[in-house]
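All remarks here apply to the structure that follows.
No lab work stands behind these numbers, since they all come straight from the coordinates. Quick caveat: nothing in here was measured; it's all calculated off a predicted structure. Cβ: placed from backbone, ideal geometry, glycine included. Neighbour counts: every protein chain shown.
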Amino acid sequence: MDLTLVLQGLLSGLLFGGVYSLMAVGLTLIFGVMRVVNFAHGDMMVWGMYLAYLLAARGGIDPYLGFVACAAALFALGFLVQRGLVDQIVDSPHEMQILLMLGVALVLENLALVAFGPEPTRVRSPLAAATLWLGPIFVDVARLVTFVVAVALTLALSLFLYRTDLGRTIRAAADNTYGALVIGTDVRRVYAVAFGVGAACVGAAGALVSPILPFQPPTGLALSVTSFNIVIIGGMGSLLGAFVGGLLVSLAESLGAVFLKPSLKELLSFSLLIVILLFRPAGLFGRRPS
Amino acid sequence: MARGLSRRFGGLQAVAGLDLTVAPGEMLGLIGPNGAGKTTVFNLLSGFLTPDAGDVRFRGRSIVGLPPHAICRRGLARTFQIVRPFPRMTVLENVRVGALALHPRAPEALARARDVVARVGLGARERVAAGALTLAERKRLELARALATGPALLLLDEVMAGLNPTEIETIIQLIRGIHESGVSILLIEHNMRAVMALSQRIVVLSFGERIAEGTPTDIANHPKVIEAYLGDEYVHAAPA
Amino acid sequence: MRWALVAALVVLLALPAVLSSYAVTLFILIFFYGFLGQAWNIVGGYAGQLSVGHAAFVGVGGYTAAMLSIETGLTPWLGMLVGGALAALLGAIIGYLGFRFGLRGFYFVLLTVAFAEICRIAVSNIDAVGGPLGLYITFTGDPRQFQFQDSRVYYYIALALMLVATAAAWAIERRRFGIYLAAIREDEAAAEALGVNAFKYKMLAMIVSSFLTGLGGTFYAFYLFSLQPNTLFGIPLSVEIIIRPIVGGAGTLLGPILGSFILTPLAELSRLYLGQGGLHGAHLIAYGVLLIGVVLFLPEGAYPRLRRLLQRSRLASFSGHPRSKPASRPPLQ
């Protein structure tokens, strides 16, 4: 067993973890504020990837610049989904919300299938070929840049939530809807912004990862599952938990890839999900009382 | 009968070493300031919470650790402080769920449900969806549902909260009627007049401990009770 | 109402005599998906436990019967029961884990999806059961091997399956089992306080549902003669299973059937006109939109809304009042 391989795997995993963290942070934000489980999370990310691909292929814009546009586009999508759809069923039983987001996931995934076809795609970026050497281990420059940008975005997000007025309003609405309503907050707008921000996270993450990871419409489900894994481990609604969880899960996956057959990777992911579901303390089952 | 009942929540000792006995056919009132642990006691007795220490015996057998449905089937039924009707079912269907505990066959359960519904005065509203009832009606529905299970002991959790004086009068009569038919009742209430009027005996809880026990008149003048509710400046005030 | 149903049944029984073979195929699909939807309805509709992994039971049932037939020559008529039993076992495991560990709502959904995907990937990777390419059943046309030359036999079998599942749902609905399930669906804790052993009844619903769904797997296998893990265990099939009862009315007896009669022809149409190579995803988009639409505008499904409309018009014509408000719920049996 080659130590270099293991170290390589660890480093790769850590760098990729930046993307997972960003992805998970988006999901946990949506759940933490609106108690909505975004089943379409992975599919939204895949759309981020496809948008990056379009920008690169048609517009010649490198994904490392284009991610801003992807984030903006996904923000709009998230905003609309919350405002136009989720908002209409706040008083309905929770099963309705699950079915709603399932419907959104179906639409997004299959729209991508119809628009782009089932074959895997990858985005070309000039950075993708470059590597750096650290002793016996090489570092994919693309991954490094991805990691740096992803972490920077996550930090920017926490600054937004903790230092700006709008961010504070979002957190307040998450903690206490009625209190926020009483002081005159337009809660519906706040929710829509929060969903938008969550979706923007995943749009950016998708763009950032598009040069590294080949993707196709069904990738959405795998990404959703991974997001759920991370967020449930880290604590639904906890930003720090999502961030740390993202790094950890990515590390674990990387190590797994070193030792296991690739087709088993998904199996492991789902098995992990089951184990986490069963052994997470019941306290996380935090439905907002109506 | 509960003995030495204890339960913590994190750093908070919600109930500590409580001894409580309800004699057959008795109506016992359980009072105490907010946060004294009264609903916790109900949850412990009805199986929704497990005690950290202590025993609960019902009709000669220990029921600690039994799930709520098993305890209900042994004859101990409860209502909830915040009523929980089955919103999409009608009044009759709601009560039928309770009646099925006594009569496994649906038609007989329906018949018993009809009787109980009539008894609590909701006969005219039989077919109405529970979600459409007024608060007072929901309270009566909650009562009817628990009653339909044919309990020997009924735990009533703040049945009068949120009702106006007329509605309270009606419910008092109802509870009295149920008691007279042979059901033992353990009553949590904040409405002092009702508790005094209904209870044969009262237990007072404060910070999870029993601080007083006795007949309504004893309790009304008990210094510890006054202290618990109003603070010790009032202990030496003129008696009621 | 009863008479309408009896009449409909008579019509359905007589139909194959006049239908083209394409139409017969369409009806087979309507009945089959109606059957699967009704089986799901028992745990997803009546008990309110949303499962998006029911395809796993189809897969287990189908693969079991197929393997038994290929390896040991066991007739699928018996293999069906074995497949159903194994599917019920899987259902019991999922149910036990989910209900013992208190998984509700989306946690339970995730559990069911995870199990289905694990089955799919596992079966894809085991060459002994055909691996990713799946299994093929040679056509012999032997009725003892559950194979028929005449597709009209399949029509009657599919119809029978749908009726069996509906009968099961009906039997459950009117007894304590069904009433308790409804109570659990409305408010599990309140139901517990009234003597309802929620765990036991949810498990029973899960086992019945997964057994019936497993039976469907065998039908699928011996009607289409091929099984692929991605098709038989995959999420698209799970979606096909749940969409009909949800659109038609989850937790009602006729909902899944109505849903299948509405959606199956639509799906077939879209497959015909849009399904040229890889565009089979198109009808899934329609499903997604429908799900959203149902949640927003018709949450209880088509059948309850239809029933209320019919009642209102019936009352109006009887009493002569243009707008008499009916009882908020139809009378109890």
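Listed values, structure above:
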| read-out | value |
| --- | --- |
| Cα-based helix-to-principal-axis angle, A:165-175 vs chain A, degrees rounded to 10 | 70 degrees |
| Computed [θ] at 222 nm, helices only, for chain C once each DSSP H run of length n ≥ 4 contributes -39500 (n - 2.57) | -24000 deg cm²/dmol |
| Loop-resident sites, the range C:106-152, for chymotrypsin sites (Phe, Trp or Tyr not before Pro), counting at most 14 other Cβ within 10 Å (DSSP) | C:F139 |
| Convex hull of the protein assembly as shown built on C-alpha atoms - directionally averaged projected area, nm² | 43.4 nm² |
| Shielding by partners, peptide B:103-114 (average Cβ within 10 angstrom, other chains) | 2 |
| Average partner coverage of B:80-92, which counts Cβ from other chains inside 10 Å | 4 |
| Ellipticity estimate at 222 nm from DSSP helix runs (n ≥ 4, -39,500 (n - 2.57)) divided over chain B, nearest 500 | -11000 deg cm²/dmol |
| Cβ-placed point charges (K, R +1; D, E -1), dipole of the protein assembly as shown about Cα centre in debye, nearest 20 | 1780 debye |
| Size of electric dipole in the range C:2-300: Cβ of Lys, Arg +1 and of Asp, Glu -1, about Cα centre, debye, nearest 20 | 420 debye |
| Added length on full extension, which subtracts the Cα-Cα distance from 0.36 nm per residue, A:L65 to A:V6 | 18.1 nm |
| Simple spin-label estimate for C:V18 and B:I211 in nanometres, 7 Å along Cα-Cβ | 8.4 nm |
| Stretch gain in nm, segment C:L296-C:L269, where the contour uses 0.36 nm per residue and the Cα spacing is subtracted | 7.2 nm |
| Inter-site label distance for C:L224 and A:F160 at 7 Å from Cα along Cβ, in nm | 4.3 nm |
| Mean residue ellipticity (222 nm) of chain A, computed from DSSP H runs ≥ 4 via -39,500 (n - 2.57), nearest 500 | -24500 deg cm²/dmol |
| Charge dipole magnitude, Cβ of K and R +1, D and E -1 - the range C:182-297, Cα centre, debye nearest 20 | 200 debye |
| Selected from B:A144, B:N191, B:V159, residue furthest toward positive end of dipole (chain B; charges at beta carbon) | B:A144 |
| Backbone N under 17 Å from the B:I82 label point (7 Å along Cα→Cβ), restricted to the range A:76-93 | A:91-93 |
